[in-house]
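Novice: Got a structure for you, written out below as structure tokens; questions coming shortly.
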Amino acid sequence: MRRSGTSYSAADALALRVHFLIEALHLDLLPSPLAGAVARLAAAEQRRALHRRALDLGSVFEDLRERIGLPDIAWPEVRQRWVDRAVRAALGACNGRPGPRPAAERLSRFCEEIARQKGHRRASGSYYTPSWAADVVAGAVVRGVLEGRGARPADALTLRVLDPAVGAGAFAVAVVEAIARAAGEGAEENAARRAAAGECVLGVERNPAAAEACRLAVWLTASRPGMPAVLPPEMVRVGDALAEPAPRRKYDIVLGNPPWGVRLPERR
């Protein structure tokens, strides 16, 4: 997702977190207490039971979010009348092909749907990058930079990549995958994927929902059973890359799909 002024409600936050946890459950990425709470929520049918199990899940998540590498993502407080709609929307969007990458793509599309329903996509110049396009660009750029430097495979993990309009993470996920492929194979590639997710990618995004979806999509991509990715909070900064410069550091690659088709406000 690209730059947007879309408001991010507690109900949106609940829906996004539930969708993420269902995908993580299917990938066997959650510790047993959290996996059990997610499974019980998914099995609830009556509205009252759904609300009670959402509260139970929130309590377990708060206890374990640091253990799964997401210590700064808190469980939202949502009015009871919004819980049923948010949870059922999340559950209904989780079906599809198995695997980390499809799960990350579904999460990003779910975030896109939240923005579409609020009517802010077109007005903000928000356009969504297909995963295949992000893969082609990220793979070509990462290979090109490494080959141009005559670098070794391990040097891929020294790359620092900035997406100044990171949205829900199409390029962030593609870059993590491209760096992991360049750095190793098999078990080494899994370790490289977690390292790339935690150290190599930085994004800036105006939309808080998209920024969170980006981090969660990267987590789904980089984690493996028993080996969760650890993503620093600063991996995605909520803000305007045009008004607030990215953190000062040397970036080897800057890529992304910035907003277009709208007139930006004048800046003084």
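Novice: Does the stretch 138-182 hold any residues that are touching a residue at least 40 places away in the same chain (Cβ under 8 Å), surrounded by fewer than 19 Cβ atoms within 10 Å (Cβ to Cβ) and either in contact with a His (Cβ under 9 Å, 6 or more places away or on another chain) or hydrophobic (A, V, I, L, M, F, W, C) (or both), and which are they?
Specialist: Result: V145, L157.
Novice: All but one of (1) within 19 Å of A168 (Cα to Cα); (2) surrounded by fewer than 15 Cβ atoms within 10 Å (Cβ to Cβ) hold for A43; which doesn't?
Specialist: Condition (1) is where A43 drops out.
Novice: Shifting gears a bit: List the pairs whose first member sits in the stretch 251-265 and is closer than 14 Å to A174 by Cβ, whose second member is of a type in the set (S, T, N, Q) and modelled with pLDDT under 90, and whose Cβ atoms are under 9 Å apart, counting only residues at least 6 apart or on separate chains?
Specialist: Between residues of the stretch 251-265 that are closer than 14 Å to A174 by Cβ and residues that are of a type in the set (S, T, N, Q) and modelled with pLDDT under 90, the close pairs are G256/T129; N257/T129.
Novice: In addition: Inspect all residues belonging to the stretch 6-21 and state whether any of them is within 19 Å of the chain's Cα centre (by Cα), crowded, with 19+ Cβ neighbours inside 10 Å, hydroxyl-bearing (S, T, Y) and farther than 23 Å from L231 by Cα.
Specialist: So far as the stretch 6-21 goes, yes, one or more of its residues are within 19 Å of the chain's Cα centre (by Cα), crowded, with 19+ Cβ neighbours inside 10 Å, hydroxyl-bearing (S, T, Y) and farther than 23 Å from L231 by Cα.
Novice: Go through the residues of the stretch 130-150 one by one and say whether even a single one is of a type in the set (S, T, Y), at pLDDT below 90 and in contact with an Asp or Glu (Cβ under 9 Å, 6 or more places away or on another chain).
Specialist: Yes, the stretch 130-150 contains a residue that is of a type in the set (S, T, Y), at pLDDT below 90 and in contact with an Asp or Glu (Cβ under 9 Å, 6 or more places away or on another chain).
Novice: How many residues, within the stretch 57-70, are among the charged types (D, E, K, R) and surrounded by 14 or more Cβ atoms within 10 Å (Cβ to Cβ)?
Specialist: 1
Novice: What are the residue pairs meeting all of these: first residue in the stretch 105-128, first residue at pLDDT 75 or above and of a type in the set (K, R), second residue surrounded by fewer than 16 Cβ atoms within 10 Å (Cβ to Cβ) and assigned to a loop (DSSP other than H, G, I, E, B), Cβ atoms under 7 Å, and 6 or more apart or on different chains?
Specialist: R106/G96
Novice: Please determine whether any residue of the stretch 51-63 is more than 22 Å from A229 (Cβ to Cβ), touching a residue at least 40 places away in the same chain (Cβ under 8 Å) and within 22 Å of the chain's Cα centre (by Cα).
Specialist: Checked against the condition, which is being more than 22 Å from A229 (Cβ to Cβ), touching a residue at least 40 places away in the same chain (Cβ under 8 Å) and within 22 Å of the chain's Cα centre (by Cα), the stretch 51-63 yields at least one hit.
Novice: Can you pull out the residues in the stretch 223-234 that are without any contact (Cβ under 8 Å) to a residue 40 or more places away in the chain and either under 12 Å from the mean Cα position of the chain (by Cα) or on the phi > 0 side of the Ramachandran plot (or both)?
Specialist: Correct list: G226 only.
Novice: Report, by residue number, each residue of the stretch 183-211 that is more than 18 Å from I253 (Cα to Cα), of a type outside the set (G, A, S), surrounded by 20 or more Cβ atoms within 10 Å (Cβ to Cβ) and in contact (Cβ under 8 Å) with a residue 40 or more places away in the chain.
Specialist: The answer is R206, N207.
The values are calculated or read from the model by the stated rules, or taken from the named source; none is laboratory data. If you're wondering where the values come from, they're calculated on a predicted model, not measured in any experiment. Methodologically, a virtual Cβ is constructed for each residue, glycine included, from the backbone with ideal geometry; neighbour enumeration extends over all protein chains shown.
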